[in-house]
Amino acid sequence: MVRTRCSGLPAALFVLILAWSAQFTAGEDVTAATDKPTRFYLVGMGPGDPDLITVRATRVLREVDVVFCSQALKEKSAVYLKGKQVANVSWRLFQYYGKDPRELEGEERRRCEEIAHLRDRFIGEVRRAILQGRTVAVLDRGDPLIYGPFAWCLEEFRDLKPQVVAGLSCFNAANAALRRGITTSEHTKSVILTATDWPGKTDTIDKLSAHRCTMVLFTMKAEFKEFIDKLSVNYPPQTPVAVVKRAGYLDKEEVLEGTLGTIADQVGEEKLPFEYLIYVGDFLTHRCKNVKNSVSHKEFEQAMCQLPTPRYQPDDSDPPWLAYAAQFHGHLGPWATAGLRAGMAGRRAVEAVGYFDLEVTIEGPLVRPPQSCFLDGVQVSTGATLGKRNLKWVDTDQLCVRVKNTRSGKTAEVRPTAKLTQLLASFKPRPKAVERADAGDHDDHRADLPGRKRGGHSLEALARQISRMPEKEIFRVE
């Protein structure tokens, strides 16, 4: 008989310790032996419409007893929550998590204490449900671990061995809306996901943009112009940019494409929704066939020799579409540029691709140049032409561009503001005798050099001014 001294220990406690020690002697893993299925889930519900939920998420929701989520998510996911006990929880509980309110002062301390009180109440409700033998799920939009406000729950409830059900992110839904391979471009393959610059973080947008790879910004209601200003530190103005609104909503999803130099004007004073992302990178305009079948510089020059040479003095800040308009029209002038901007505004307002899915009617006193140059600008930016019979001009007293999306039926009217009207009126054509004299200067085109004044304005300077003005300053879109 083996005698063991256990001075000071109750017999029952000694037996328990001995049994626990025996498990290790046998080489068994106590944790694995006592593991039970989790009773706490963090579930990603996907972005946009309810049907973007995963099959795994629906299975978990059938099995849980208690659900915590926002009121909006409760309404969106009602079909999956029938028969469940559902409690509202604020997404703001992540704020100040791990902070001691005593280290803060003033309003910030008061706010920290307020959120801590709400968070403690939520933690208590979860743990009471678990003690009652119930299974709990916290629901979050998108993927809960990509800028998700409930990621802190995994640390707080780590003793419950929580499980995460991955969800489709708004990032994935926005990629689908763009219909582009975001890892495919001529020079880069990497994608940076980031958000607004939070205090204390060193990976600021301007620093990240130095890599010139694709960037995707989760905006979270931050100021749109601030993003553009920070991106402009390292990306050139011609860098392609896209804004994806309401990704994942089949009937509300919208994509706006432009460049870093134009996108702010394209957005204008529009109030953007909470659910929008900004994409920056050459992948937006990259085409594999264009790369494989591109002609050499020499072949391009030979081809261009077959086309007439426009009277156009390029500027480094000119967007590509301005040069194309000059090539089409023959020179860079204010009336053609105004028509170009009017067509852009109208096409964007009716959400048309251009060329074949719209009808354009231009009204106005456009009988002869320079006013009639407005027609060329509209053709360039809409793709509607007389040859396709989807563009027509009506001689009236007031200038107006009427655009219709032939697929959706959506229509818009674009009218010039008083400011644009005054700018166009300030341009005075030269007398015919002067034009004929300059016609012999076709070698150097001195008639249209930037320094040559017409009615107090340089021809190209006035056109560039109109090309860069915010849309709301030059047009009323109805």
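Nothing in this text is a laboratory measurement; each read-out follows from the coordinates by a stated rule. Small disclaimer: the values here were computed from a predicted structure and weren't measured. Here Cβ is always computed from backbone atoms with ideal geometry, including for glycine, and neighbour counts include all displayed protein chains.
Observations on the structure shown:
- FRET E, pair THR183, SER408, Förster distance 30 Å, beta-carbon r, rounded to 0.05: 0.40
- Each of PRO37, GLN71, GLY48 was scored by the projection of its Cα onto the charge dipole of the range 35-168, and the greatest displacement toward the positive side belongs to PRO37; charges sit on the C-beta of Lys, Arg, Asp and Glu.
- Förster-model FRET efficiency, 25 Å R0, THR202 and ALA166, C-beta, rounded to 0.05: 0.30
- Gain on full extension, evaluated as 0.36 nm per residue between VAL353 and GLU269 minus their Cα-Cα distance, stands at 28.0 nm.
- Under the Karplus curve 6.51 cos²θ - 1.76 cosθ + 1.60, θ = phi - 60°, whole-Hz ³J(HN,Hα) for the range 64-79, x wherever Gly or Pro sits: 7, 9, 10, 10, 10, 6, 6, 5, 5, 5, 4, 5, 5, 9, 3, 5
- Along the range 224-240 the Karplus relation, 6.51 cos²θ - 1.76 cosθ + 1.60 evaluated at θ = phi - 60°, assigns HN-Hα couplings of 4, 4, 4, 4, 5, 4, 6, 5, 5, 4, 10, 8, x, x, 7, 4, x Hz to successive residues, with x for each Gly and Pro.
- Of the residues VAL191, VAL244, VAL267, the one whose Cα sits farthest toward the positive end of the charge dipole of the range 171-284, with +1 on the Cβ of Lys and Arg and -1 on the Cβ of Asp and Glu, is VAL191.
- Alpha-carbon centroids, the range 159-176 and the range 384-423: separation in whole Å: 45
- Charge dipole of the range 35-168 (Cα centre as origin; +1 on each Lys and Arg Cβ, -1 on each Asp and Glu Cβ, all else neutral): 540 debye, rounded to the nearest 20.
- In order through the range 164-177: 3J(HN,Hα) via Karplus (6.51 cos²θ - 1.76 cosθ + 1.60), integer Hz, x for Gly, Pro: 9, 9, 4, x, 5, 7, 4, 4, 5, 5, 5, 4, 5, 5
- Using C-alpha pairs under 8 Å with a sequence gap of at least 6, the mean separation divided by the residue count of the range 35-168 gives a relative contact order of 47 percent.
- Shown for the range 171-284: lysine pairs separated by 8 or more places, or found on different chains, whose C-alpha atoms are under 24 Å apart, numbering 19.
- Neighbour-count ranking [beta-carbon atoms within 10 angstrom, fewest first] of CYS373, CYS69, CYS400, CYS170: CYS400, CYS373, CYS69, CYS170
- Counting 0.36 nm for each residue step from THR385 to HIS211 and taking away their Cα separation leaves a gain of 58.5 nm.
- Gain on full extension, evaluated as 0.36 nm per residue between ASN88 and LEU131 minus their Cα-Cα distance, stands at 13.5 nm.
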